[in-house]
1. How big is segment 325-373 by the Kirkwood estimate over distinct Cα pairs, in Å?
2. Compute and list, largest first, the equivalent-ellipsoid semi-axes of segment 246-345 from the alpha carbon gyration tensor, each √(5λ) rounded to a whole angstrom.
3. Answer with one residue from Phe246, Phe278, Pro67: the one whose Cα lies farthest towards the positive end of the charge dipole of segment 26-431, charges on Cβ with Lys, Arg +1 and Asp, Glu -1.
4. Neighbour counts of other C-beta atoms within 10 Å: give me Asp710, Asp482, Asp445 arranged from fewest to most.
5. For segment 65-108, report the convex hull volume of the alpha-carbon atoms normalised per residue, in Å³, without decimals.
6. Can you order the peptides 564-576, 232-244, 166-178 by their average number of other Cβ atoms within 10 Å per residue, highest first?
7. Using the charge dipole of segment 26-431 (Lys, Arg: +1 at Cβ; Asp, Glu: -1 at Cβ; taken about the Cα centre), state which of Ser330, Ala169, Ile222 has its Cα farthest towards the positive end.
8. Give me Thr331, Thr261 sorted ascending by neighbouring Cβ count inside 10 Å, so fewest comes first.
Amino acid sequence: MAARAPGQGGILQGANPSKYDSKNPIIVFIIQAGIIIIFCRILHFPLSKLRQPRVIAEVIGGILLGPSVFGRIPGSTNAIFPTASMPTLTMAANIGLILFLFLVGLEVDLRLLVSNWRIALSVGAAGMALPFGLGWGIAYGLYHQFREDPGLVPISFGTYALFVGVAMAITAFPVLCRILTELKLLQTQVGIVVLSAGVGNDVVGWILLALCVALVNAGSGIIALYVLLTCLAYILFLVYAVRPAFLWILRRTGSLHNGPTQSVVALTVLMAFASAFFTGVIGVHPIFGAFLMGLICPHQGGFAIKLTEKIEDLVAVFFLPLYFALSGLSTNLGLLDTGVTWAYVFGVIAVAFVGKLVGGTLAARMNKLVWRESFTIGVLMSCKGLVELIVLNIGLQAKILSQRTFTIFVVMALVTTFATTPLTSVLFPPWYQKKLAAWKRGEIDWDGVRQAPEDTSGDDSGSTIEKEYTEIKRLLVNLRLDSLPSLFTFVALLGGGQSDTPVIKVHPTKNGKTAAADTNIAALRGPSIHKRPLEVHGLRMLELTERLSSVMKDSEVDELSTRDPVVNAFHTFGQFNNVAVSGEVQFVPEGSYSEVLGERASDHKSDMVLIPWSETGSFSEAVTANMNESTQSAFSNGSYNYFVTKLLDNTPCNAAVLVNNGFGALPRETLRSLHRVSTNPSIGGTPVNTTAPLMDRSHHIFFPFIGGMDDRIALRFVLRLAKNPNVTATIICINGAETIGLAKSVILFDKKVAKDGQTAGTTSSQEILSSQDQAFFASMADSLSSDLQSRILFTSIDCIHSPQDLVEQARAEVELSQENAGDLIVVGRHHGKHTDKAFDYGAEGELRHSLGGFAEAMIMGNVKASVLVIQAAVKVE
């Protein structure tokens with residue numbers, strides 16, 4: 001009887017999927033990869049709270065899965081990682097390693113090394129020479145103590161010492177970038193010095209490693225010399241032949257500035273593998289060729305960043321955990337079983353850390369950095385990370401290191417990498433960074449005593465009301481792509497718009513030829529009056545993630561700021577609207593948006609921070625196709641509400657939140673009324689809606705004055721906006737807080753922050769506070785010029801029975817001119833439990849908590865106007 005074909009029913013026929021089958025290895029590989037990735041992700045969660053890089057979790061995960069912990073359970077290693085399956089896992093890990101070293105080469109920007117060559121050369125050289133020398137010394141003991149371990153090939157002491165010296169001297173450039181980004185040091189002098197030195201350190205380290213591998217693989221010294229000469233010739237070939245041809249292809253395809261096409265991505269990856277193949281076959285490790293290929297890729301136009309975005313996720317999520325978990329699987333802590341072995345563990349850690357610390361610190365100090373900066377640079381240069389692990393794995397594969405010495409060096413790499421972030425945080429905390437920056441600018445002496453004259457605006461003379469308000473001369477704006485129309489309209493109103501002075505233009509070739517013409521022109525122009533323009537600084541914040549491309553963008557943020565279309569549009573707007581503007585791009589973790597805005601407001605000494613409410617209801621600037629969302633859902637994003645609340649509660653200056661609804665753009669109701677309808681096929685395609693020119697460029701402002709610091713600031717701000725001739729305003733004073741169901745002490749609520757940071761409110765009687773507010777309201781009404789009197793209406797009402805009455809009052813005001821450029825409702829931000837009870841709009845009170853009850857009522861009442869919420873500066877007593 002003929003034998004039956006093997007069953008294909010799998011587990012339905014009783015097959016065991018965890019049993020390795022050489023003809024179908026993918027099943028066991030999927031199990032192994034799934035266990036490694038899930039286990040490392042779970043392990044990274046608690047370690048991320050300690051601000052540790054992901055490589056720590058991946059290596060520790062491999063150690064736990066390997067013979068040190070789980071391997072001690074009988075049968076566990078054979079069940080999960082059978083010996084026969086390891087070649088498949090190793091192959092996948094090495095493919096990921098080649099791609100990762102290509103990405104590391106892409107990340108290295110040699111322009112940074114060139115622009116800071118002097119300090120980079122000194123710090124990098126000292127940071128390599130001292131640990132290299134100390135490593136050579138400890139290599140003598142390691143070589144003679146452990147050379148009898150199994151699995152080693154006979155090599156000379158010189159080759160062994162060269163490898164140990166490289167392992168001690170190398171710095172983990174990719175991990176270093178992430179640590180600097182996490183600690184917000186990337187744009188500081190410390191960060192620039194460390195990155196510049198790290199670039200040179202990385203390149204020299206890989207060259208020395210290539211030399212070491214060539215010496216091990218070569219049968220004789222002359223063969224090693226041939227290998228090195230071939231490698232040098234190949235580097236010259238890449239630089240002078242491959243790179244120019246590659247640049248020509250990128251320009252022809254438009255990939256250099258528009259991002260790589262799919263064909264260019266395929267070509268680049270093939271070139272990386274071809275380069276890895278060549279360096280592998282000549283006797284140098286394949287990762288060196290991949291690194292060189294990434295090194296010659298251009299950074300112009302953001303090509304390197306855009307190419308990284310195409311590749312990085314698969315490498316970081318899938319391949320790298322496999323490789324570093326394999327490092328952990330090769331690590332056996334059980335081999336550290338003698339006192340001598342542990343002495344070498346501590347000795348290797350001390351040599352690696354002290355050599356880098358002392359070398360980097362002394363070199364930085366010689367470049368006139370202060371001691372604390374210098375120590376920070378030394379600590380950062382001691383970071384080993386994943387690059388060290390790659391070096392160690394190469395040494396293990398080349399049989400330079402035994403499993404015991406490999407384990408010793410893995411422990412050293414983990415300890416030095418783990419210690420980098422906490423030590424840097426202690427040595428160079430944010431408060432010290434601010435003090436050092438102020439000292440270098442000459443604003444304070446070393447003891448913190450201010451050198452510049454104190455601002456006399458805080459003098460005790462004058463009324464309290466007058467001191468509450470500072471004329472807005474400097475404005476900080478949070479730039480968002482989706483909010484540009486409303487921001488431009490608002491800043492143009494605040495800045496005064498274009499000059500109305502007639503200007504007679506004369507052809508450049510005729511200018512100055514006739515004195516009579518010059519006299520007539522000067523007469524027409526009249527006297528020249530130079531008015532200081534409003535200074536506006538635009539800050540565009542983009543999310544900083546753990547992706548490699550995000551870190552690369554942050555390291556090249558200055559170049560990106562000059563190319564960013566939003567910042568450039570903002571510059572052009574300022575030039576044509578009598579506004580002095582500056583702009584920058586910052587890559588910031590989502591949870592730090594409010595802190596960065598507050599820091600920038602302090603740095604630029606801003607009088608007000610303007611935040612546009614997200615048109616998408618989230619941090620994302622991408623408008624989705626679904627435009628039928630309710631108004632409530634657009635304001636229910638918890639993280640965005642928290643961002644606004646945190647900023648307003650800690651703002652160092654006055655703040656304003658603009659919720660757009662037709663202020664320089666289409667109203668929310670118009671946008672959400674758009675539906676895709678089914679039509680007959682048409683050659684012309686979908687009809688294009690044409691926006692007619694705006695004939696009425698006026699704006700009407702409605703402001704209910706209730707009292708308190710926020711409302712007093714808001715009233716002055718409304719009068720500032722009303723100086724623009726296109727603005728009219730209705731200002732209503734509401735007498736008697738009890739008529740709308742609010743406690744007297746809540747409406748007339750003044751915010752203060754005590755020394756312990758807790759918010760407190762004054763609970764003085766209504767008569768004292770309302771008399772102060774009424775006097776202020778009356779003084780503002782009496783101070784109007786004749787021009788403003790024709791455009792501003794001051795009035796008061798005594799009785800409003802519900803919040804809806806106030807909404808209806810606002811609706812009646814803003815609907816007077818429905819064809820204008822957009823109306824605005826200005827409200828102060830109020831807090832308190834009685835206010836929350838009085839207003840029942842909103843998504844579980846999130847919007848009320850962030851913007852206040854009155855703003856929530858106007859927004860949820862669907863009034864056809866934008867809402868501006870004013871927050872007075874929070875002062876620390």
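1. Values: mean 1/r = 0.0742 Å⁻¹.
One over the average 1/r among Cα pairs gives 13.5 Å for segment 325-373.
2. Numbers: eigenvalues 294, 51, 28 Å².
Computed over segment 246-345, the values are 38, 16, 12 Å.
3. Phe246
4. Values: Asp710 24, Asp482 16, Asp445 11.
Ranking Asp710, Asp482, Asp445 by Cβ neighbours within 10 Å, fewest first, gives Asp445, Asp482, Asp710.
5. Details: hull volume 3.2 nm³, N = 44.
Convex hull volume per residue, Cα atoms: 73 Å³.
6. Values: 564-576: 15.9, 232-244: 13.2, 166-178: 25.8.
The densest-packed peptide leads the list: 166-178, 564-576, 232-244.
7. Most positive-ward Cα: Ala169.
8. Working: Thr331 28, Thr261 13.
By the 10 Å Cβ count, ascending: Thr261, Thr331.
FYI, it's all coordinate maths here, none of it is from the lab. Only a predicted model underlies this, so the values are computations on that prediction, with no experimental measurement involved. Methodologically, a virtual Cβ is constructed for each residue, glycine included, from the backbone with ideal geometry; neighbour enumeration extends over all protein chains shown.
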